[in-house]
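Comments concern the structure below.
The values are calculated or read from the model by the stated rules, or taken from the named source; none is laboratory data. Nothing here was measured: the structure is a model prediction, and the numbers come from that model. FYI the Cβ positions are ideal-geometry reconstructions off the backbone, even for glycines, and counts take in every protein chain you see. Only protein heavy atoms, including side chains, enter the accessible area calculation; ligands, DNA and RNA are left aside. Shrake-Rupley method; radii C 1.70, N 1.55, O 1.52, S 1.80 Å.
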Amino acid sequence: MKNLTAAVFVFAISIASLSFGNILLKLGMTRFDTLTATGMPVVRSLWNTPQITAGVLLMFVQFGCTMTLFKWGWDVSVVMPVMGLCYAAMAIMGKWMLDESVNATRWFGIILIMAGVFFVARSGMAGKPN
């Protein structure tokens, strides 16, 4: 297993790329719907929606980071729950960048998810060599 600093860096890249990728896909699909509603063919609409391409590319980055963590010996029962931090990132980014409504119930759920991520991450580090 690679050292913890490298793993934290890869986790951060993975979470950021998935979060930004989702934001770009949301923006791209809104634009895509507008283009196809005007009668533009689907392929041409996709070509004229770079947000979708960028979002998909960022999701490939996230996939590569996840594979790297698995290659380094991280357990799937640790990697995937830690990726749950995307829920917090997406709520913040959705509110900030997309002007979405995030009510108290969602924030409470996100806090619970983050607490779970903390406990899973702590348990995943126990007994792992650097």
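Remark: pairs (first residue in segment 92-111, in contact (Cβ under 8 Å) with a residue 24 or more places away in the chain; second residue among the hydrophobic types (A, V, I, L, M, F, W, C) and part of a helix (DSSP H, G or I); Cβ separation under 8 Å; 6+ apart in sequence or on different chains) = Met93/Phe20; Met93/Ile23; Gly94/Ile23; Met97/Ile23; Leu98/Ile23; Leu98/Leu27.
Please verify whether Leu27 is out of contact with any Leu (no Cβ under 7 Å at 6 or more places or on another chain), at pLDDT 85 or above, farther than 30 Å from Lys71 by Cβ and in a helix (DSSP H, G or I), treating the condition exactly as stated. Step through it out loud before you land on a result.
Working: out of contact with any Leu (no Cβ under 7 Å at 6 or more places or on another chain): yes; at pLDDT 85 or above: yes; farther than 30 Å from Lys71 by Cβ: yes; in a helix (DSSP H, G or I): yes.
So Leu27 passes the test.
For (1) open to solvent by 50 Å² or more (accessible area, probe 1.4 Å); (2) touching a Pro at 6+ places or on another chain (Cβ under 9 Å); (3) not in a loop (DSSP other than H, G, I, E, B), each residue gets a yes or a no:
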site: Val43; (1), (2), (3): yes, no, yes
site: Ala54; (1), (2), (3): no, no, yes
site: Phe63; (1), (2), (3): yes, no, yes
site: Ala88; (1), (2), (3): no, no, yes
site: Ala91; (1), (2), (3): no, no, yes
site: Trp96; (1), (2), (3): yes, no, yes
site: Ser101; (1), (2), (3): yes, no, no
site: Gly109; (1), (2), (3): no, no, yes
site: Phe118; (1), (2), (3): yes, no, yes
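Out of Thr36, Thr105, which single residue is touching a helix residue (DSSP H, G or I) at 6+ places or on another chain (Cβ under 9 Å) and in a helix (DSSP H, G or I)?
So the residue among Thr36, Thr105 that is touching a helix residue (DSSP H, G or I) at 6+ places or on another chain (Cβ under 9 Å) and in a helix (DSSP H, G or I) is Thr36.
Applying the condition of being within 13 Å of the chain's Cα centre (by Cα) and among the aliphatic types (A, V, I, L, M) to segment 34-67 and asking which residue is nearest to Ala6 (Cα to Cα) yields Val61. Restricting attention to segment 108-124, the residues that are of a type in the set (Phe, Trp, Tyr) and at pLDDT 90 or above total 1.
Of all residues in segment 68-78 being touching a residue at least 60 places away in the same chain (Cβ under 8 Å) and buried (at least 16 other Cβ atoms within 10 Å of the Cβ), which is nearest to Ala6 (Cα to Cα)? Only one residue fits best here, namely Leu69. Within segment 28-43, residues that are of a type outside the set (Val, Ile, Thr) have Cβ atoms under 7 Å from residues that are loosely packed, with under 14 Cβ neighbours inside 10 Å in these pairs: Leu35/Asn48, counting only partners at least 6 apart in sequence or on another chain.
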